[in-house]
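Structure, as structure tokens:
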Amino acid sequence: MAMTYSEKVRDHFAHPRNVGTIEDADGVGEVGNAVCGDIMKMYLKIDDGIITDAKFNTFGCGAAIATSSMATEMIRGKRIEEAEKLTNKAVVEALDGLPPVKLHCSVLAEEAVRAALEDYRSRNGNRSGT
Ligand code: FES
């Protein structure tokens with residue numbers, strides 16, 4: 001059976017937003033999926049508790065690229081506390097769904113955001129940035 005991807009997933013895969021690295025990032029998170037071997041790296045710039053920039057590099061499948069692209073769009077301009085609540089479910093909903101066998105790819109996006117925020121907090125003595 002052929003898998004169907006929503007228009008939004010295809011758009012974010014073909015034209016991913018915020019691809020790249022941030023040289024002087026305030027938080028960096030790298031996560032991977034041991035089963036498929038895909039890797040996602042997330043870079044955040046945080047100013048006064050607000051995520052002012054987010055970029056990612058994903059070495060992985062199309063769904064992983066689309067979900068990391070959408071996740072960066074969703075956390076930009078958000079407070080750390082809000083970004084920490086980002087779930088893979090919210091990312092999938094924003095993309096109008098993913099085929100069930102690809103849901104694990106969206107978990108990578110949630111984990112990458114969280115890992116980058118944890119890195120920020122550990123660098124800043126667990127402050128929330130406020
Ligand atoms: Fe590995 Fe999608 S198949 S993240």
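Every read-out reported here was derived from the displayed coordinates using simple, explicitly stated rules and does not represent laboratory data. On a predicted model such as this, the values are computed, not experimentally measured, just so you know. Quick reminder, even Gly has a Cβ in these numbers, built from the backbone with ideal geometry, and neighbours come from all protein chains shown.
Annotations
- In the set (1) within 16 Å of the ligand (Cβ to nearest atom); (2) within 17 Å of LEU98 (Cα to Cα), ASN33 fails one condition alone, (2).
- Listed by first and then second residue, the pairs with beta-carbon distance under 8 Å, at least 6 apart or on different chains, first residue in segment 96-108 and among the acidic types (Asp, Glu), second surrounded by fewer than 18 Cβ atoms within 10 Å (Cβ to Cβ), are ASP96/SER6; ASP96/GLU7; ASP96/LYS8.
- Residue in segment 14-23 that is within 17 Å of TYR120 (Cβ to Cβ), under 15 Å from the mean Cα position of the chain (by Cα) and either aromatic (Phe, Trp, Tyr) or buried (at least 23 other Cβ atoms within 10 Å of the Cβ) (or both) present: no
- Checked against (1) farther than 16 Å from ASN33 by Cα; (2) under 14 Å from the mean Cα position of the chain (by Cα), GLY97 meets all criteria but (2).
- Considered as a group, the residues in segment 36-57 that are near the ligand (Cβ under 10 Å from one of its atoms) and either touching a residue at least 40 places away in the same chain (Cβ under 8 Å) or not β-branched (Val, Ile, Thr) (or both) include one that is surrounded by the fewest Cβ atoms within 10 Å (Cβ to Cβ), and that residue is GLY37.
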